[in-house]
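The values are calculated or read from the model by the stated rules, or taken from the named source; none is laboratory data. The model shown is predicted, which means the values in this text are computed figures rather than measured ones. Because the Cβ atoms are built from the backbone with ideal geometry, glycine has one as well, and the counts that use them run over all protein chains shown. The accessibility values were calculated without ligands, DNA or RNA, using every heavy atom of the protein model including side chains. Shrake-Rupley method; radii C 1.70, N 1.55, O 1.52, S 1.80 Å.
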Amino acid sequence: MKTIYLDNNASTRIAEPVFKAMEPFIREHYGNPSSLHRAGQAARHAVEIARTQVADLIGARPRDIVFTSGGTEADNLAILGTLAAYPNKRHLVISAVEHVAVHALAERLARENYRVSFIAVDTQGHLDLDAFEAAIDDETALASVMLANNETGVLFPIPEIARLTASRGVPLHVDAVQAAGKMELDIHALGADLLSLSAHKIHGPKGVGALVVGRGARLRNIFSGGHQERDLRPGTHNVIGIVGFGAAAERAGSGIEAFSTRVADQRNRLEQGILDRVDRASVIGDRDRRLANTTYIAFETLEAEAILIALSERGVCASSGSACGSGSLEPSHVLKAMGLDERIAHGAVRFSLSRETTDAEIDRALEIIPEVVNKLAGLCPATMGTGN
Ligand code: PLP
């Protein structure tokens, strides 16, 4: 049975050219980039090429790139590093629908003597900009918001948000982990001071990412160790991962417009096809202002978990909200923040496409998904769906 992988917001397959770029660094070029000898310098050179490739993806300078172990670490470094740089400011502003990398850290900080404002979104997933503006005060050290939501794909208007933060002299961190490679990105056009990226969402390897530290950003180191990455991320470089990240970033930056047009067509065909074939299915979040590759569909009265297992048995990989959050029956904090009825939230399944998704896969998915869901709906009368 062929797998139809529609969970690309969780992770993507390593692209062939990315794998090829990494291969020599697995066995041949094993020097430490901090070493002065030729083996070390070869590795250093490769890291610097990758730095330029990643910087080019978002219009930054190579020296702005701080390589990390992924998006989670980039988010943590942005927030904790900024708070450390402004010890007298103990207030953080985030949206209520941030990825857990930001959300869970903010919850922890709120328990540890910081004030955190979690700004509400509406049922479409849009940020309440008036509340955002009103939340900023003289104690605010940082605002942290995502560009694209990992569950719904809904986009926040970052340039508008950046104008609000800049007018109050508050730095802005943007989690662009899901947006990268799916839309044109320029850190200056966005107005972000700090920006997080992750390689495994753009057909690169897992366990590597970057925090982009823009010109005006003030950041103190939160780790102790060597002097790598301007002291902000000590530790021997993950050369294999960084080289792969660079190659993936270069690839992700080319042909974005053509990709997003094509993938939006495929996504729309999948989405409409499911809505046409399944009763009581609806799309969660704004259908216009969202990532081209994502659709989040609620199958009313069904449990997403049951759907995912049944789909997996037929070769279709999808996800219920954040992959990291799956396994629990609680609706995600994103769905809760959007105020969705529990009967809808419990049956929310996310399908996310990639550059590798084919039209034939969409055709096949359109045969399998309605069949699986309609069968489950037949098995589960409304009362059994959510247990209430
Ligand atoms: N931020 C967002 C919006 C994400 O979707 C993810 C991953 O799902 C992360 C951060 C965390 O990235 P990583 O898996 O590289 O730690």
Within region 317-344, of all residues that are among the aliphatic types (A, V, I, L, M), part of a helix (DSSP H, G or I) and modelled with pLDDT of 90 or more, the one surrounded by the most Cβ atoms within 10 Å (Cβ to Cβ) is 334
Looking at residue 78, is it buried (at least 24 other Cβ atoms within 10 Å of the Cβ) and part of a helix (DSSP H, G or I)? yes
For the subset of region 205-222 comprising residues that are assigned to a loop (DSSP other than H, G, I, E, B) and either within 16 Å of the ligand (Cβ to nearest atom) or aliphatic (A, V, I, L, M) (or both), which member is most open to solvent (accessible area, probe 1.4 Å)? 206
Residue list for region 359-388, filter: at pLDDT 95 or above and open to solvent by less than 60 Å² (accessible area, probe 1.4 Å): 361, 362, 365, 366, 368, 369, 370, 372, 373, 376
Looking at residue 240, is it farther than 30 Å from residue 304 by Cα, open to solvent by 40 Å² or more (accessible area, probe 1.4 Å) and among the β-branched types (Val, Ile, Thr)? yes
Test: residue 245 is of a type in the set (Phe, Trp, Tyr) and within 16 Å of the ligand (Cβ to nearest atom): yes
